[in-house]
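> This is the structure, below, for whatever I ask next.
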Amino acid sequence: MTEPGFIRLQEELRHLKSVERPAVIRAIAEAREHGDLSENAEYHAARERQSFIEGRVGELEDQIARAEVIDPSKLTGTTIKFGANVLLADEDSGEEQKYQIVGAVESDIKSGRISITAPLARALIGKTIGDTVEVTTPRGSKQYEIVSVNYG
């Protein structure tokens, strides 16, 4: 993954441990004070939230421990690989779109970051400027020409 993606995971983990976890512990303690736990909706909701938080903490700790951070700014060349910023032109409409190829946990199509495992990214890997790629989408087959490739 890229460094910004790694930092976002670390920040989410810190927030869960320092803000969310203590808040849910307080909520459970308050709900216990209300008496009978078997019919206490607040208690059950707080326990469910605690379960979600603990699961997410474990998931984040695992992802951070296994992460291989790559700095795309240290990469060069015109061949597309992980971390590349790619400008594509739709061969039908001529419309241009810019994407960065990132790790699966940091992908966000609205921000132009596509997962290395996405069909478009897999089609782009190893290609260079001027190449054409064909990708099957839910709306049918699309062809894109690679306009530019840069890192950083």
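The values are calculated or read from the model by the stated rules, or taken from the named source; none is laboratory data. If you're wondering where the values come from, they're calculated on a predicted model, not measured in any experiment. Neighbour counts are summed over all protein chains in view; Cβ atoms, including those assigned to glycine, are modelled from backbone coordinates with ideal geometry.
> Taking residue 10 and the conditions (1) under 19 Å from residue 144 (Cβ atoms); (2) under 16 Å from the mean Cα position of the chain (by Cα), which numbered condition does it fall short on, given that it satisfies the others?
Evaluating residue 10 over (1) under 19 Å from residue 144 (Cβ atoms); (2) under 16 Å from the mean Cα position of the chain (by Cα) leaves (1) as the failure.
> Looking at 108, 71, can you tell me which residue is surrounded by fewer than 18 Cβ atoms within 10 Å (Cβ to Cβ), within 30 Å of residue 16 (Cα to Cα), out of contact with any His (no Cβ under 8 Å at 6 or more places or on another chain) and modelled with pLDDT under 90? Steps first, answer last, please.
Working: 108 fails: modelled with pLDDT under 90.
Sole residue among the options that is surrounded by fewer than 18 Cβ atoms within 10 Å (Cβ to Cβ), within 30 Å of residue 16 (Cα to Cα), out of contact with any His (no Cβ under 8 Å at 6 or more places or on another chain) and modelled with pLDDT under 90: 71.
> Give segment 70-85 a look and list any residue that's of a type in the set (A, V, I, L, M, F, W, C) and under 10 Å from residue 125 (Cβ atoms), or say none.
Start the filter on segment 70-85 by keeping residues that are of a type in the set (A, V, I, L, M, F, W, C), which leaves 70, 75, 80, 82, 84.
Residues satisfying the conditions are 80, 82, 84.
> Find the helices (runs of 4 or more DSSP H) located wholly in segment 1-100 whose residues include 2 or more that are of a type in the set (S, T, N, Q), out of contact with any Asp or Glu (no Cβ under 8 Å at 6 or more places or on another chain) and not assigned by TED's automatic domain parsing to the domain that holds residue 128, and list them.
Values: elements: 3-15, 21-32, 41-66.
So the answer is 41-66.
> Quick check: anything in segment 29-38 touching a strand residue (DSSP E or B) at 6+ places or on another chain (Cβ under 9 Å) and not aliphatic (A, V, I, L, M)? Write out each step before concluding.
First, the residues of segment 29-38 that are touching a strand residue (DSSP E or B) at 6+ places or on another chain (Cβ under 9 Å): none.
Among the residues of segment 29-38, not one is touching a strand residue (DSSP E or B) at 6+ places or on another chain (Cβ under 9 Å) and not aliphatic (A, V, I, L, M), which makes the answer no.
> Among 115, 73, 38, 111, which is the only one that is over 16 Å from the mean Cα position of the chain (by Cα) and under 18 Å from residue 5 (Cβ atoms)?
On the way: 115 fails: over 16 Å from the mean Cα position of the chain (by Cα); 38 fails: under 18 Å from residue 5 (Cβ atoms); 111 fails: over 16 Å from the mean Cα position of the chain (by Cα).
Exactly one residue qualifies, and that residue is 73.
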